[in-house]
Amino acid sequence: MDISILTLFPGMFAGPLDQSILGRVQERGLVRVSLHNIRDYAEDRHHVVDDAPFGGGPGMVMKPEPLFRAVEAVRAELAERAGADVAGSAPVILLSPQGRPFTQAVARELAAHEALVFICGRYEGIDARAEEALATDAISIGDYVLTGGEIPAMAIVDAVVRLLPGALGDDASAQDDSFSDGLLEGPSYTRPAEYRGMAAPEVLLSGDHGAVARWRRRQALLRTWQRRLDLLASAELSEEDRAYLRELEQGGATE
């Protein structure tokens, strides 16, 4: 996957992109991440990228000219590296609190692309002409406002990259994550079997794979019911799942 990030603060990405899984996938050539400083595409002598909003009001707005030049340059570079088809189909994603909510389903959607381009907004936002003409998508990581799109870009890149084949030590790990099937993931345990008087559930030590799978499913249902009841409305549930949830609602078993 080829990922291009347009930002006014490329230095913010040095740690997150170089460490752990993101660092390893780049070393192995599974992912290429390139940072582009939007300020480099401003042609005036002071490299100005923002200006006061028309009509007055607080704050500054990112100017359209550097953004247009930056996106056009990135698409041209991408076409040289990966071909015109890849460059033409790559989503250009504006990180914005007004975008559609980012979810695990959206992460899977983005992971299916060969290339992604991210625009990190700043100040009071970007000129609307740039948003309308350049961005093919807008994504928000939550109903709150950050100082810029850099942290959302890091979060989305991390969530997307770990879904790529070969990114994790075991590709099945991503299939069991919270939200992968609409539920929260249940609790996990490892050695020692008992620590400070707290024992791991016996079923996990039993060697009975069927019982373990049943316990994990019920724990996922229980945790979702306790913490994110709203998710159950759209989760994929079997009749056995629904029967267990009815037990919970009636104050029954919580294993």
Looking only at the stretch 110-167, and only at residues there that are within 21 Å of V49 (Cα to Cα) and among the acidic types (D, E), the one that is modelled with the lowest pLDDT: E124
Output for the stretch 129-156, where each listed residue is closer than 17 Å to Q104 by Cβ and touching a strand residue (DSSP E or B) at 6+ places or on another chain (Cβ under 6 Å): D137, I139, S140, P152
Subset of the stretch 107-126 (residues that are touching a Gly at 6+ places or on another chain (Cβ under 8 Å) and under 19 Å from M12 (Cβ atoms)): F118, I119, C120, G121, R122, Y123
Which listed residue is among the small types (G, A, S), open to solvent by less than 20 Å² (accessible area, probe 1.4 Å) and within 30 Å of A70 (Cβ to Cβ), from A200, A130: A130
Restricting the stretch 42-72 to residues that are assigned to a loop (DSSP other than H, G, I, E, B) and β-branched (V, I, T), the residue that is most open to solvent (accessible area, probe 1.4 Å): V48
Residue match in the stretch 103-122 (condition: more than 24 Å from A159 (Cβ to Cβ) and in a helix (DSSP H, G or I)): no
Some residue of the stretch 9-16 being at pLDDT below 95, under 28 Å from A107 (Cα atoms), touching a helix residue (DSSP H, G or I) at 6+ places or on another chain (Cβ under 6 Å) and surrounded by 15 or more Cβ atoms within 10 Å (Cβ to Cβ): yes
Any chance R32 is open to solvent by 80 Å² or more (accessible area, probe 1.4 Å), more than 21 Å from the chain's Cα centre (by Cα), of a type in the set (K, R) and over 18 Å from I126 (Cα atoms): no
Filter pass, E194 being surrounded by fewer than 14 Cβ atoms within 10 Å (Cβ to Cβ) and modelled with pLDDT of 95 or more: yes
Top-ranked residue in the stretch 78-96 [being part of a helix (DSSP H, G or I) and free of Cβ contacts under 8 Å to residues at least 24 places away in the same chain; ranked as most open to solvent (accessible area, probe 1.4 Å)]: E80
Which numbered condition D50 fails, given (1) touching a strand residue (DSSP E or B) at 6+ places or on another chain (Cβ under 6 Å); (2) among the acidic types (D, E); (3) farther than 18 Å from T7 by Cα: (3)
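The values are calculated or read from the model by the stated rules, or taken from the named source; none is laboratory data. Remember, predicted model here, so these are calculated numbers, not experimental data. Heads up, the Cβs are rebuilt from the backbone with ideal geometry, glycines too, and the neighbour counts pull from every protein chain shown. Ligands, DNA and RNA are excluded from the accessible area calculation, which covers all protein heavy atoms including side chains. Shrake-Rupley method; radii C 1.70, N 1.55, O 1.52, S 1.80 Å.
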